[in-house]
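These notes are about the structure you will find just below.
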Amino acid sequence: MTSLSPLADCGFNEDTINMAISSLYFLLFIPALIINGVAVWVCMQLRSTSTFMVYLKNLLAADLLMTLTIPVKAAKILPSAPLTLKAFACRYSDVIFYLCMYMSIILLGLISLDRFFKIVRPCGRLLGQNLVFGKVLSASIWVVLLATNVIPTMILTNQDPTNKTKEFCMAMKSDAGQGLHGGVVKLNNAIFWVVCVLIFVCYICIARKVFQSYRKSGSSNDEGRHKTKVRVFLVLVVFSVCFIPFHIVRIPHTIQQTNNVKACSQVSISIAQKVTLWLSTVNICLDPLLYFFLCREFREKLMGMLNRRGTPSQITSDNIAILP
């Protein structure tokens, strides 16, 4: 008789692993909800007067929506989770989760490109920083992802939720759905790596521009230079730590899913995929920190709302070139 749990066959306790991952998601949910709630509260007080603010508000919407999917994602992997909850997650919640993840990745790339146009290539601002263009582009990306990814996946995840193996979601997909899944994963990976290269190139150019401006001005403000380095490379660190590990692991994990590989040599890939997926989710707590460091308006408004007695000069004394 074939075992229903390849993890158990290979010496792993599947229930223990799932409970640990589920606990990590639950621990992440409350701080993520609070942080993103505060960020939305602040952004509601800010007008969309630039493409940067348009992208930032769309990123906040994606992060908040992803946050709301976390309880279902955490509960579905518990050993006692009912089939109906697992089926709901596979058909709807998880699909929205990945929509928000890749929307966030794309928007981080657009924010990086926006900063690049503002600081390194001001001549590119005519289109790249046009407010209407930013709104239309953001809305178009949402529509395209919904039309090519979300809606077809929901429609083709239409099989009865009776499979109790670890590949529960794949078993709920029709043959066409499994084919679509492989294509969507490849497309999403392509999107990620294109955005990844874009972000690295943009911020390397921004860093060079800022440091050149310091040299030309003859500034000896070492503290200012240090703050600039931290703020520029914080984006790269957050993006790299949260998203790169998952996308490296996801390629062999998808091959494992579509080919139904169950050898013990592949079990570690499944565990790594779960851990790195959680690590990607941590991004919803880190994005608001980037807003604070990269957006002067966001920082001023937040500090002003937390401390009505603060003065603008106290809040913006560390304003530097990379800030909008």
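The values are calculated or read from the model by the stated rules, or taken from the named source; none is laboratory data. The model shown is predicted, which means the values in this text are computed figures rather than measured ones. As a convention, Cβ positions derive from the backbone with ideal geometry for all residues, glycine included, and neighbour counts pool all protein chains shown.
Which of the following residues is small (Gly, Ala, Ser) and in a helix (DSSP H, G or I): Ala89, Ala81? First the steps, then the outcome.
Numbers: Ala81 fails: in a helix (DSSP H, G or I).
Being small (Gly, Ala, Ser) and in a helix (DSSP H, G or I) holds for just one of Ala89, Ala81, which is Ala89.
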- Of the residues that make up the stretch 82-90, is at least one small (Gly, Ala, Ser), buried (at least 21 other Cβ atoms within 10 Å of the Cβ) and modelled with pLDDT of 95 or more? no
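Look at Leu99 and say whether it is surrounded by 18 or more Cβ atoms within 10 Å (Cβ to Cβ) and either closer than 30 Å to Met170 by Cβ or among the β-branched types (Val, Ile, Thr) (or both). Walk me through it before giving the result.
Details: surrounded by 18 or more Cβ atoms within 10 Å (Cβ to Cβ): yes; either closer than 30 Å to Met170 by Cβ or among the β-branched types (Val, Ile, Thr) (or both): yes.
So Leu99 fits the description; yes.
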- Message: When you scan the stretch 297-305, do you find a residue that is in contact with a helix residue (DSSP H, G or I) (Cβ under 6 Å, 6 or more places away or on another chain), within 21 Å of Tyr102 (Cβ to Cβ) and either at pLDDT 80 or above or surrounded by fewer than 18 Cβ atoms within 10 Å (Cβ to Cβ) (or both), even just one?
- Response: no
- Query: Taking the stretch 154-184, which residues are hydrophobic (A, V, I, L, M, F, W, C), modelled with pLDDT of 85 or more, surrounded by 19 or more Cβ atoms within 10 Å (Cβ to Cβ) and part of a helix (DSSP H, G or I)?
  - Reply: Leu156, Leu180, Val184
- Message: Cys43 - would you say it is at pLDDT below 95 and touching a Cys at 6+ places or on another chain (Cβ under 6 Å)?
- Response: no
- Item | So Ile17, is it hydrophobic (A, V, I, L, M, F, W, C) and modelled with pLDDT of 90 or more | no
